[in-house]
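Working notes for the structure below.
The values are calculated or read from the model by the stated rules, or taken from the named source; none is laboratory data. As the structure is a prediction and not an experimental result, all values here were calculated from the model. Cβ: placed from backbone, ideal geometry, glycine included. Neighbour counts: every protein chain shown.
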Amino acid sequence: MSTATAAPGNYPFDTSGIEVGADGIRRYTDLPQNLVDVLREQAAQRPEHTAVVELGGGQLTYAELWQRALRVAGGLRDAGVGAGDRVAVQLGNGVDWVLAFWGAQLAGAVVVPLNTRLAPAETQFILDDCGAAHVVRPGEPLPDGEPGELPEPAHTDVAALFYTSGTTGRPKGAMTTHENFLSTIETVIRCRGLSREPGVRHATLISVPLFHVTGCNSQFITQIALGGTSVLMPRFEPGAFLAAIAEHGITLVTSVPTIYELVLRHPDVASTDVASVRTLSYGGAPIAPELVHRLRQAFPRARLGNGFGLSETSALATFLPDEYADTHADAVGFPAPVNDVRLHRPDPVTGVGELLVRGPNVVAGYWGDPARTAETFRNGWLHTGDLATITDGIVRIVDRAKDMINRGGENVYSVEVENALAAHPDVLEVAVVGVPDPVMGEKVGAVVLPRPGTDPDQLVGSLCSFARERLADFKCPQFVRVAQGPLPRNAGGKVLKTALREAEGWVAVPR
């Protein structure tokens with residue numbers, strides 16, 4: 001049995017201009033028809049405005065982006081790419097990625113952004129799976145040809161395939177439609193309170209990969225719709241991050257907690273002018289309340305917010321606005337204006353159940369995989385695989401269903417333990433996993449990356465004492481491993497826990 005929730009009386013987002021369809025899904029009215037229309041309008045309305053800046057590279061106005069993307073589209077057509085064909089983009093953040101993306105859209109093709117960190121065999125799997133008609137590779141010139149007739153994709157046509165990270169199996173291509181993109185744009189604008197006034201300047205710093213939905217959908221595509229500027233980091237470096245904010249007058253930043261931690265530790269943070277930043281959001285991993293406090297101090301003019309989403313929700317599905325950032329740092333917020341959320345089979349005692357999401361941003365399924373599509377998308381609802389609670393309309397993610405630790409019949413939610421341990425003053429990163437045990441089935445294990453200068457042996461003892469003051473005994477780590485470097489993460493910032501479970505070097509904690 002599932003339990004549904006409705007928006008509470010204190011719901012913080014604009015819900016005007018929304019209609020409920022015959023399928024029960026709420027949709028924004030008066031959206032553009034497709035992504036082609038979005039870029040065409042900005043090129044006409046703001047031709048001389050800067051659309052894209054690549055740090056250490058080139059930049060494009062909206063007129064230049066439109067014209068050069070048209071030539072990429074012409075080159076793709078000359079190469080035999082037709083409407084609906086898949087064009088894979090194997091590039092890092094930069095002007096060429098932007099031109100390849102929009103060139104494929106203007107050719108009527110389906111963009112397949114490739115994770116540049118994948119091994120060759122992993123990349124080849126995706127190329128074979130999607131049946132790529134063309135691959136834009138690094139070191140090769142972009143397609144170039146005479147512009148042709150522009151496509152007019154339908155609202156429900158697939159615009160891109162974002163392949164999931166494969167942390168729980170082989171990658172799956174999330175079929176992202178034009179409606180999915182357009183709904184996400186509107187959701188981001190409303191949830192982050194971004195102004196639509198013509199004279200307001202928007203500039204976002206994209207420090208996460210464009211091949212992931214956070215960088216592409218929440219940031220880049222939304223900035224295009226607002227006529228703003230996307231400043232692209234080819235690679236993250238804390239000093240360059242701070243310098244870009246000051247140089248380009250960045251108004252909005254979105255990143256993962258680890259990146260913010262590294263930025264706040266940089267010696268230039270106190271002397272950098274960050275007054276332009278008015279919106280600062282985070283997601284992809286639990287954030288310590290202490291880090292939220294430090295971000296507020298470092299970016300005093302910014303409104304903070306925590307976003308949650310998946311490739312399958314085309315990015316944002318819930319958002320915790322600034323008013324709740326300090327008091328509800330462990331929550332991912334309220335559902336987006338057009339999203340409904342439910343808990344599937346909630347526990348009668350704890351209230352924990354699998355989070356289900358419904359809305360126009362939920363993708364059309366997995367490319368060429370009807371079995372896993374049917375398993376994940378049921379009766380109009382996306383089964384996220386995330387365990388959550390919902391209280392007063394606010395969603396809290398407590399674990400991935402496959403990451404929950406069963407300790408002798410007691411459920412331990414790793415996110416709850418991670419949130420507690422992340423508040424330790426000597427912990428930079430932490431991940432909690434189950435350690436096999438012949439008697440209990442599993443016991444709680446914590447992998448921690450200490451702050452520089454911390455004695456690892458002392459950290460183990462103090463960490464466990466710290467945990468006992470905040471958690472029930474059965475939730476406290478019984479094994480600890482001190483990491484020698486950053487924890488392994490996928491492109492979305494999520495820790496790859498399979499690798500952590502399989503590693504050696506656990507130290508048993510005396511009880």
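What to note about this one:
- Test for Ala472: is it farther than 27 Å from Gly92 by Cα and in contact (Cβ under 8 Å) with a residue 40 or more places away in the chain: no
- Whichever residue in the range 196-242 is among the hydrophobic types (A, V, I, L, M, F, W, C) and part of a strand (DSSP E or B) and, among such residues, is farthest from Val95 (Cα to Cα): Ala203
- Filter pass, Leu449 being surrounded by 16 or more Cβ atoms within 10 Å (Cβ to Cβ) and part of a helix (DSSP H, G or I): no
- Pairs with Cβ under 6 Å, 6+ apart, first in the range 79-102 and in contact (Cβ under 8 Å) with a residue 40 or more places away in the chain, second hydroxyl-bearing (Ser, Thr, Tyr) and in a loop (DSSP other than H, G, I, E, B): Gly92/Thr116
- Test: residue in the range 206-228 that is among the polar types (S, T, N, Q) and more than 29 Å from Thr123 (Cβ to Cβ): no
- Some residue of the range 3-19 being assigned to a strand (DSSP E or B) and modelled with pLDDT under 95: yes
- Verdict on Gly365 being in the same structural domain as Asp85 (by TED's automatic domain parsing), in contact with a Ser or Thr (Cβ under 8 Å, 6 or more places away or on another chain), crowded, with 24+ Cβ neighbours inside 10 Å and closer than 24 Å to Gly215 by Cα: no
- Restricting the range 220-241 to residues that are within 24 Å of Val269 (Cβ to Cβ) and touching a helix residue (DSSP H, G or I) at 6+ places or on another chain (Cβ under 8 Å), the residue that is surrounded by the fewest Cβ atoms within 10 Å (Cβ to Cβ): Phe236
- Of all residues making up the range 243-268, the number that are modelled with pLDDT of 95 or more and closer than 29 Å to Leu39 by Cα: 12
- For the range 126-146, filtering for residues that are touching a strand residue (DSSP E or B) at 6+ places or on another chain (Cβ under 9 Å) and either closer than 16 Å to Thr164 by Cα or assigned to a helix (DSSP H, G or I) (or both) leaves 4.
- Checking every residue in the range 369-379 against the condition of being free of Cβ contacts under 8 Å to residues at least 24 places away in the same chain, among the hydroxyl-bearing types (Ser, Thr, Tyr) and assigned by TED's automatic domain parsing to the domain that holds Ile25 gives at least one match.
- Scanning the range 399-426 for residues that are touching a helix residue (DSSP H, G or I) at 6+ places or on another chain (Cβ under 9 Å), modelled with pLDDT of 85 or more and either surrounded by fewer than 21 Cβ atoms within 10 Å (Cβ to Cβ) or part of a helix (DSSP H, G or I) (or both) gives Ser414, Val417, Asn419, Ala420, Leu421, Ala422, Ala423, Pro425, Asp426.
- Verdict on Arg196 being out of contact with any Phe, Trp or Tyr (no Cβ under 7 Å at 6 or more places or on another chain), surrounded by fewer than 24 Cβ atoms within 10 Å (Cβ to Cβ) and free of Cβ contacts under 8 Å to residues at least 40 places away in the same chain: yes
- Residue among Gln90, Gln105, Gln42 that alone is surrounded by 19 or more Cβ atoms within 10 Å (Cβ to Cβ) and either in contact with a Cys (Cβ under 6 Å, 6 or more places away or on another chain) or closer than 23 Å to Ser195 by Cβ (or both): Gln42
- Qualifying residue in the range 165-180 (condition: in contact with a strand residue (DSSP E or B) (Cβ under 9 Å, 6 or more places away or on another chain), part of a loop (DSSP other than H, G, I, E, B), more than 16 Å from Asn339 (Cα to Cα) and modelled with pLDDT of 95 or more): no
- Residue-level analysis places Gly453 among those that are over 30 Å from the mean Cα position of the chain (by Cα), within 17 Å of Glu261 (Cβ to Cβ) and not β-branched (Val, Ile, Thr).
- Pairs with Cβ under 8 Å, 6+ apart, first in the range 116-144 and on the phi > 0 side of the Ramachandran plot, second surrounded by 12 or more Cβ atoms within 10 Å (Cβ to Cβ): Gly131/Arg86
- Single condition Phe377 does not satisfy, out of (1) under 19 Å from Phe308 (Cβ atoms); (2) of a type outside the set (D, E, K, R); (3) touching a Leu at 6+ places or on another chain (Cβ under 8 Å): (3)
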